[in-house]
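Notes to accompany the following structure.
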């Protein structure tokens, strides 16, 4: 990769902490090589307390073309961009910034749309389904709006912070018209269950939902992007449920983010979703 870097190379950074498990740099750099783009993506590990210092320095980089944002900065980055894509205004968080040549930073978020696109690639559609979403943080907020906008029949949002879940449910209902409410993480009666919490990243984590309450045939989506099956997905399959890990969502949001940044990206082994 180093031989491709020149004095004209455009820089893209992945900003977050920690970044040990991050996969975006590999995906972006592989695409840049395939498309012979004079660009490189590098991880930039920035702790929460150091974000303002990072932004001050990054604003001085004339060859910085874009920034990918992951935890814990998705919501705090809202305050530092100059313009918001409609998705970011709706969700209240961003996960990608396009650095324009005139110096403006434009922020957008594609977590939610990427999650829905990932489901559609594998033949699963939220339209007319009762959906349970566990987790109302940055990714959860984005997924809530995207699932509701995709035509879900109803959406139940559960979070350990009950007030946060209730506020998000009200915002989604007002914005999309979807029947949305907050409630316990009970999967019974739902055709799609989505885990948007970190529960499952560590083997000793409790389950985000009780797998014994899952009905056979319920789609279980766990957005954790791990090479190993999460305990939730493993338990769900034993109950006769189809499962999806964080891989399709990661590819979906990468496609949308790359197009936002001006690159044409077609993930391997996926086909365009049929129109419902």
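The values are calculated or read from the model by the stated rules, or taken from the named source; none is laboratory data. Here the structure is a predicted model, which means the values were calculated and not measured. Ideal geometry is used to build each Cβ from the backbone, glycine not excepted, and the neighbour counts take in all protein chains shown.
What the table below lists for this structure:
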quantity: Single residue of 267, 208, 198 found to be part of a loop (DSSP other than H, G, I, E, B), touching a helix residue (DSSP H, G or I) at 6+ places or on another chain (Cβ under 7 Å) and within 18 Å of residue 141 (Cα to Cα); calculated: 208
quantity: Evaluation of residue 126 against (1) touching a strand residue (DSSP E or B) at 6+ places or on another chain (Cβ under 9 Å); (2) outside any loop (DSSP other than H, G, I, E, B); (3) over 17 Å from residue 197 (Cβ atoms); (4) modelled with pLDDT of 95 or more (one fails), failing number; calculated: (2)
quantity: Yes/no for residue 65 being under 18 Å from residue 16 (Cα atoms) and at pLDDT 95 or above; calculated: yes
quantity: Enumeration of residues in the range 154-172 that are touching a helix residue (DSSP H, G or I) at 6+ places or on another chain (Cβ under 7 Å) and part of a helix (DSSP H, G or I); calculated: 168, 172
quantity: Of all residues making up the range 261-276, the number that are at pLDDT below 70 and surrounded by 16 or more Cβ atoms within 10 Å (Cβ to Cβ); calculated: 2
quantity: Among (1) at pLDDT below 95; (2) in a helix (DSSP H, G or I); (3) under 25 Å from residue 174 (Cα atoms) - the single one residue 115 does not satisfy; calculated: (1)
quantity: Restricting the range 238-254 to residues that are more than 18 Å from residue 112 (Cα to Cα) and touching a strand residue (DSSP E or B) at 6+ places or on another chain (Cβ under 9 Å), the residue that is surrounded by the most Cβ atoms within 10 Å (Cβ to Cβ); calculated: 241
quantity: Where residue 187 falls short, out of the listed (1) surrounded by 24 or more Cβ atoms within 10 Å (Cβ to Cβ); (2) outside any loop (DSSP other than H, G, I, E, B); calculated: (2)
quantity: Looking only at the range 224-250, and only at residues there that are in a loop (DSSP other than H, G, I, E, B) and under 12 Å from the mean Cα position of the chain (by Cα), the one that is nearest to residue 209 (Cα to Cα); calculated: 224
quantity: Single condition residue 212 does not satisfy, out of (1) free of Cβ contacts under 8 Å to residues at least 60 places away in the same chain; (2) closer than 27 Å to residue 94 by Cβ; calculated: (2)
quantity: Candidates 202, 154, 182, 229 - the one that is over 20 Å from residue 127 (Cα atoms) and in contact with a strand residue (DSSP E or B) (Cβ under 9 Å, 6 or more places away or on another chain); calculated: 229
quantity: Single residue of the range 129-153 satisfying the filter (over 16 Å from the mean Cα position of the chain (by Cα) and in a strand (DSSP E or B)) that is nearest to residue 183 (Cα to Cα); calculated: 132
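Matching residues to (1) more than 24 Å from residue 94 (Cβ to Cβ); (2) modelled with pLDDT of 95 or more:
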{"site": "179", "(1), (2)": "yes, yes"}
{"site": "196", "(1), (2)": "no, yes"}
{"site": "216", "(1), (2)": "yes, yes"}
{"site": "240", "(1), (2)": "yes, yes"}
{"site": "259", "(1), (2)": "no, no"}
